[in-house]
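Novice: Supplied in structure tokens, the structure appears directly below.
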Amino acid sequence: TIKPLSDLTIAQQAEMLPVKQIAEKLGLQEDDLDLYGKYKAKLSFDVIDRMATREDGKLILVTAINPTPAGEGKSTVTVGLGQALNQLDKQAIVCLREPSLGPTMGLKGGAAGGGFSQVLPMEDINLHFTGDMHAITSAHNTISAILDNHLHQGNDLGIDVRKIVWKRVLDLNDRALRHVTIGLGGSAHGVPREDGFDITVASEIMAILCLADSLTDLEARIKRIVVAYDRDNEPITAEQIGAAGAATLLLKEAFKPNLVQTLEQTPALVHGGPFANIAHGCNSLIATKTALKLGEYVVTEAGFGADLGAEKFCHIKSRIGKLNPDAVVLVATVRALKMHGGVAKDQLHVENVGAVGNGLKLLAKHVETMGKLGLPTVVALNRFNSDTAEELAAVLDWCEANHIRVALSEVWSNGGQGGRALAEAVIDTIESNESAFTPLYALTDSIEQKILTIAREVYGAADVTFTATAKKQMAQIEANGWQHLPICMAKTPFSLSDDPTKLGYQHGFTVTVRELKPSVGAGFLVALTGNVLTMPGLPKQPAALNMGIDETGKAIGLF
Ligand code: ADP
């Protein structure tokens, strides 16, 4: 067999159009763009204001079954489906998250799609891009610096230094920074205390940037961030320490959506990228809303599998942004179905039709959940070279027998051409107008009820238990009047349950909520069901070890 080209090689061989021409395809002029070089631009706020009264295009959400650690190919299918719609003469726009340097340097390489379905310029998007991550890092750390200065200058607000909940951030995987001591060196150097770093994409500022619908809303949300509690346990906000204005100012360019293109010159907005566990895991609302004004079809994705990403897309992003998804594309792979059907991770390349069959119950569960949300679903079977004809047929036949729409996706190996069947199935679904999106819980439900609804309806759990800590935190959240916020579940993506080792279809289990943390600025309550690392570490062989530049200055080793 021939070794496939690397993503980087494919990207570097591609011919890009100047971004001005991509904008023209969307009916925009040069004046509507802030150019960042030739191939990247930010959309000016004028465009966004001018489009306000236009009718929205159709919204397609790409999600997946519970993934293998390598990912199911959601970004790849999102890009490929956009390209395929474009080939069918539909005005399609792809909306993706911005990659973080943590996973880029660490494990996985980029998050800009793969194979013949990528967004470009791939190196830039995966590295510094238009500087949004740096702006978010600076905005976050400005609040930290103002907070520590407040302590140093006399602590007029009576902040309890043991109850500071605002850490510092950096956009790298650096486990040595998880716990640090700051303010050492004597009284001229600040107040000594324990602190720690999170990765930038875990910052509440990132979640806020992705949920705000205007600069005014951005500032209002930043003002509401709770940075600490005082000695009477009353919350202290970013507004109270005077940090909200400066943080908003630092974000005024980062808040504008980034316009780029795919390998087939389909327009793409790549903007924002919050964690999918302690945050909601979707690209910015402002990018999605702008894309809906500019395109007939908008293809976007949400992090992890349907139990996390799609649930939060529906209950957090769509609710805040008044979005109505028109169709869901549920990505599945033979590999993941085999894994959920009982095959060990190092045996996934071996044909096993029986195991594929065993895994299908999990697929059925996710299709059923999307149905409960009122969302029509098309399964996209993301084809890998190692899949056999019998394994692929097992999935396709089963879907057809169960009246589940399905299409084989070959967008990784064949670009938009490989996504035509999927695009046709999606168009057909949307044109039959079946979407009747209904959230599963009401914001007025109690915190306990909201979590119970998600656990029962989406995960298939029988019950939820709350630890003593979580109960205490729930009481405090209620005392502060934050109980009306939606829930952001932090759960393992690998299992329907809260136990990452329980693969395949699970039901009737009990979910344990260990902690509840309010993200008042972002506007949700995080329910933690396990340990979530908000500052990942690098693996033994970080992807960064292979990176460098060649003699012409071109990137090498970026996967
Ligand atoms: P997700 O968005 O679900 O995390 P990605 O689209 O980022 O997944 O894909 C994860 C990795 O798998 C990428 O490196 C991508 O190139 C690769 N990949 C995706 N689909 C295929 C496929 N059909 N064949 C081979 N590699 C694939």
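The values are calculated or read from the model by the stated rules, or taken from the named source; none is laboratory data. None of these values were measured; they are calculated from a predicted model. Every residue, glycine among them, receives a Cβ derived from its backbone with ideal geometry; neighbour counts consider all protein chains shown. Keep in mind that these areas ignore ligands, DNA and RNA; they rest on the heavy atoms of the full protein, side chains included. Shrake-Rupley method; radii C 1.70, N 1.55, O 1.52, S 1.80 Å.
Novice: Restricting attention to segment 35-74, which residues are assigned to a loop (DSSP other than H, G, I, E, B), open to solvent by 20 Å² or more (accessible area, probe 1.4 Å), among the hydrophobic types (A, V, I, L, M, F, W, C) and away from the ligand (no atom under 16 Å from the Cβ)?
Specialist: 52
Novice: Scan the helices (runs of 4 or more DSSP H) fully inside segment 317-407 and keep the ones with 2 or more residues being within 16 Å of the ligand (Cβ to nearest atom).
Specialist: Details: elements: 318-321, 334-340, 353-372, 389-401.
In segment 317-407, 334-340, 353-372, 389-401 are the helices (runs of 4 or more DSSP H) which contain 2 or more residues that are within 16 Å of the ligand (Cβ to nearest atom).
Novice: Away from the ligand (no atom under 16 Å from the Cβ) and in contact with a strand residue (DSSP E or B) (Cβ under 7 Å, 6 or more places away or on another chain): is that true of residue 277 in this structure?
Specialist: It is false that residue 277 is away from the ligand (no atom under 16 Å from the Cβ) and in contact with a strand residue (DSSP E or B) (Cβ under 7 Å, 6 or more places away or on another chain).
Novice: Of all residues in segment 430-451 being modelled with pLDDT under 95 and at negative phi, which is surrounded by the most Cβ atoms within 10 Å (Cβ to Cβ)? So that I can check it myself, show each step before the final result.
Specialist: Step one: of segment 430-451, the residues modelled with pLDDT under 95 are 432-436.
Add one more test, that the residue is at negative phi, and what stays is 432, 434-436.
Working: 432: 10, 434: 13, 435: 18, 436: 10.
Among those residues, the one meeting the criterion is 435.
Novice: Considering only residues that are near the ligand (Cβ under 9 Å from one of its atoms) and closer than 19 Å to residue 271 by Cβ, look in segment 100-111 and name the one that is least open to solvent (accessible area, probe 1.4 Å). Steps first, answer last, please.
Specialist: Going residue by residue through segment 100-111, those that are near the ligand (Cβ under 9 Å from one of its atoms) are 108-111.
Then keep just the ones that are closer than 19 Å to residue 271 by Cβ; that gives 110-111.
Details: 110: 16, 111: 39 Å².
So, considering only residues that are near the ligand (Cβ under 9 Å from one of its atoms) and closer than 19 Å to residue 271 by Cβ, the one least open to solvent (accessible area, probe 1.4 Å) is 110.
Novice: Do the conditions hold for residue 78, that is, is it assigned to a helix (DSSP H, G or I), open to solvent by 10 Å² or more (accessible area, probe 1.4 Å) and within 16 Å of the ligand (Cβ to nearest atom)? Steps first, answer last, please.
Specialist: On the way: assigned to a helix (DSSP H, G or I): yes; open to solvent by 10 Å² or more (accessible area, probe 1.4 Å): no; within 16 Å of the ligand (Cβ to nearest atom): yes.
The answer is no for residue 78.
Novice: Separate question: Scan (1) buried (at least 20 other Cβ atoms within 10 Å of the Cβ); (2) in contact with an Asp or Glu (Cβ under 8 Å, 6 or more places away or on another chain) for the single condition residue 388 breaks and write down its number.
Specialist: Here residue 388 meets the rest and fails (1).
Novice: Here's another thing I want to ask about it. Show the residue pairs meeting these rules: Cβ distance below 7 Å; 6+ apart or different chains; first residue within segment 202-231 and over 25 Å from residue 476 (Cα atoms); second residue aromatic (Phe, Trp, Tyr).
Specialist: Between residues of segment 202-231 that are over 25 Å from residue 476 (Cα atoms) and residues that are aromatic (Phe, Trp, Tyr), the close pairs are 209/255; 215/255; 218/255.
Novice: OK, next. Take segment 322-352 and flag every residue that is more than 22 Å from residue 376 (Cβ to Cβ) and either without any contact (Cβ under 8 Å) to a residue 12 or more places away in the chain or among the hydroxyl-bearing types (Ser, Thr, Tyr) (or both).
Specialist: Of everything in segment 322-352, those that are more than 22 Å from residue 376 (Cβ to Cβ) and either without any contact (Cβ under 8 Å) to a residue 12 or more places away in the chain or among the hydroxyl-bearing types (Ser, Thr, Tyr) (or both) turn out to be 344, 346, 347, 350.
Novice: Picking from 253, 219, which residue would you name as being open to solvent by 10 Å² or more (accessible area, probe 1.4 Å) and out of contact with any helix residue (DSSP H, G or I) (no Cβ under 6 Å at 6 or more places or on another chain)?
Specialist: Details: 219 fails: out of contact with any helix residue (DSSP H, G or I) (no Cβ under 6 Å at 6 or more places or on another chain).
Criteria check complete, one pass: 253.
Novice: If only one of 427, 404, 454 is modelled with pLDDT of 95 or more, touching a Leu at 6+ places or on another chain (Cβ under 9 Å) and farther than 30 Å from residue 91 by Cβ, which one is it? Show your work before the answer.
Specialist: On the way: 427 fails: farther than 30 Å from residue 91 by Cβ; 404 fails: farther than 30 Å from residue 91 by Cβ.
Only one candidate qualifies: 454.
Novice: Considering segment 1-21 alone, what residues qualify as being buried (at least 17 other Cβ atoms within 10 Å of the Cβ) and within 14 Å of the ligand (Cβ to nearest atom)?
Specialist: 7, 8, 10, 11
Novice: Here is a follow-up. Filter segment 83-94 down to the residues that are more than 13 Å from the ligand (Cβ to nearest atom) and open to solvent by less than 10 Å² (accessible area, probe 1.4 Å) and list them by number. Working first, answer last.
Specialist: Step one: list which residues in segment 83-94 are more than 13 Å from the ligand (Cβ to nearest atom), which gives 83-93.
Those that are more than 13 Å from the ligand (Cβ to nearest atom) and open to solvent by less than 10 Å² (accessible area, probe 1.4 Å): 83, 84, 85, 92, 93.
Novice: Has segment 297-307 got at least one residue that is open to solvent by 10 Å² or more (accessible area, probe 1.4 Å), touching a strand residue (DSSP E or B) at 6+ places or on another chain (Cβ under 9 Å), of a type outside the set (S, T, N, Q) and more than 16 Å from the ligand (Cβ to nearest atom)? Steps first, please.
Specialist: Of the residues in segment 297-307, the ones open to solvent by 10 Å² or more (accessible area, probe 1.4 Å) are 297, 304.
If we keep only those that are touching a strand residue (DSSP E or B) at 6+ places or on another chain (Cβ under 9 Å) as well, we get 297, 304.
Still in the list and also of a type outside the set (S, T, N, Q): 297, 304.
When the remaining residues are screened for being more than 16 Å from the ligand (Cβ to nearest atom), the result is 297.
The answer is yes; a qualifying residue exists.
Novice: Now, a different point. So residue 28 fits all but one of (1) hydrophobic (A, V, I, L, M, F, W, C); (2) over 26 Å from the mean Cα position of the chain (by Cα); (3) away from the ligand (no atom under 16 Å from the Cβ); (4) open to solvent by 40 Å² or more (accessible area, probe 1.4 Å); what number is the exception?
Specialist: (4) is the only condition that residue 28 fails.
Novice: Just a yes or no: is a residue in segment 112-120 under 13 Å from residue 260 (Cα atoms) and more than 13 Å from the ligand (Cβ to nearest atom)?
Specialist: Yes: segment 112-120 contains one or more residues that are under 13 Å from residue 260 (Cα atoms) and more than 13 Å from the ligand (Cβ to nearest atom).
Novice: Also, I was wondering about something else. Are there any pairs, at least 6 apart or on different chains, whose C-beta atoms fall under 8 Å, with the first in segment 52-77 and of a type in the set (Asp, Glu) and the second within 6 Å of the ligand (Cβ to nearest atom), and if so, which?
Specialist: Close Cβ pairs satisfying both conditions: 72/64; 72/382.
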